[in-house]
1. Of (1) in contact with a helix residue (DSSP H, G or I) (Cβ under 7 Å, 6 or more places away or on another chain); (2) under 30 Å from residue 96 (Cβ atoms), residue 218 satisfies all except one. Which?
2. Output the number of residues of the range 107-121 satisfying the condition of being surrounded by fewer than 16 Cβ atoms within 10 Å (Cβ to Cβ) and part of a helix (DSSP H, G or I).
3. Just one of 19, 32 is surrounded by 12 or more Cβ atoms within 10 Å (Cβ to Cβ) and in a helix (DSSP H, G or I); which is it?
4. Identify all residues within the range 185-209 that are surrounded by 14 or more Cβ atoms within 10 Å (Cβ to Cβ) and under 12 Å from residue 119 (Cβ atoms); write none if there are none.
5. Inside the range 77-101, can you point out the residues that are buried (at least 23 other Cβ atoms within 10 Å of the Cβ) and farther than 15 Å from residue 253 by Cα?
6. From the list 68, 99, which one is part of a helix (DSSP H, G or I), in contact (Cβ under 8 Å) with a residue 40 or more places away in the chain and touching a helix residue (DSSP H, G or I) at 6+ places or on another chain (Cβ under 9 Å)?
7. Can you name every residue in the range 233-247 that is under 14 Å from residue 176 (Cβ atoms) and buried (at least 20 other Cβ atoms within 10 Å of the Cβ)?
8. Just wondering, is there one or more residues in the range 151-165 that are at pLDDT 80 or above and out of contact with any strand residue (DSSP E or B) (no Cβ under 7 Å at 6 or more places or on another chain)?
């Protein structure tokens, strides 16, 4: 039998909130913390680019074409003498915005489809999973190229050149990347809907929407967050691939993929032109993936860190 003093000590023991415990576990993942710091520096750098390096991205200097890195041009120049650092800082905002916006589209669609499938006890589940498997079986890159080729002019006319291309790429990439999230959410919902706390809420007269909003979705958010980080990386690579193939943003919008496309014919005389945007894509995707690994470990209490 426990003594009153021991009971008092136990009652006064400070409770740790789930968010604080998650942050404590994440901080112990050193590679994820370092990657998060690097990613934060890159995001702040591209966000404050015009103030950090106040050089116009369209400023042409034919006397400084294809120059290597120097004090005047830390990342060198292109074939028109344009400063690559300024263009990379500007293009980084577009590349990262595409990644996060496409992630939001794919995550929202995937959560909705997975939630409907996971809570359905009749025909909706097999139908939605059949549609999901159908999209998974389609070759994504050829389909992505086909959709953009068919609808790019209509979207440009509707939203303007830059806005139309941005909306088109975000919607198409997000619309072709929701399937893994949907399958993950469905699996989580199928498991959680049979738990005792959900059964208790159901027995108490809670509606299906209330069960999902208050009990199921909050407990499934961890794997969704991890999947969302992967979608950011996939979207950045997809945008870079489209731009490298010449079907992404136009030449006056220097995304990292577009810079690689412009540099491909000058690799022998100006390798720096491709090196820096390629390194930016590599380290951004790598950092996001490591952050996702850290979040996966921090949000899973069964993992020992």
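The values are calculated or read from the model by the stated rules, or taken from the named source; none is laboratory data. Keep in mind the model is a prediction, meaning the values are calculated, not measured. Neighbour counts are summed over all protein chains in view; Cβ atoms, including those assigned to glycine, are modelled from backbone coordinates with ideal geometry.
1. Checking residue 218 against (1) in contact with a helix residue (DSSP H, G or I) (Cβ under 7 Å, 6 or more places away or on another chain); (2) under 30 Å from residue 96 (Cβ atoms), the one that fails is (1).
2. Kept after step one, since they are surrounded by fewer than 16 Cβ atoms within 10 Å (Cβ to Cβ), are these residues of the range 107-121: 108, 112, 121.
Within this subset, residues satisfying the condition of being part of a helix (DSSP H, G or I) are 108, 112.
Matching residues across the range 107-121 total 2.
3. Working: 19 fails: surrounded by 12 or more Cβ atoms within 10 Å (Cβ to Cβ).
Exactly one of 19, 32 is surrounded by 12 or more Cβ atoms within 10 Å (Cβ to Cβ) and in a helix (DSSP H, G or I), namely 32.
4. 185, 186, 188, 189, 190, 192, 193, 198, 202
5. 77, 99
6. Working: 68 fails: part of a helix (DSSP H, G or I).
After ruling out the rest, the residue left standing is 99.
7. Scanning the range 233-247 gives 234, 235, 238, 239, 242.
8. Our first condition is that a residue be at pLDDT 80 or above; within the range 151-165, this holds for none.
Scanning the range 151-165 turns up no residue that is at pLDDT 80 or above and out of contact with any strand residue (DSSP E or B) (no Cβ under 7 Å at 6 or more places or on another chain).
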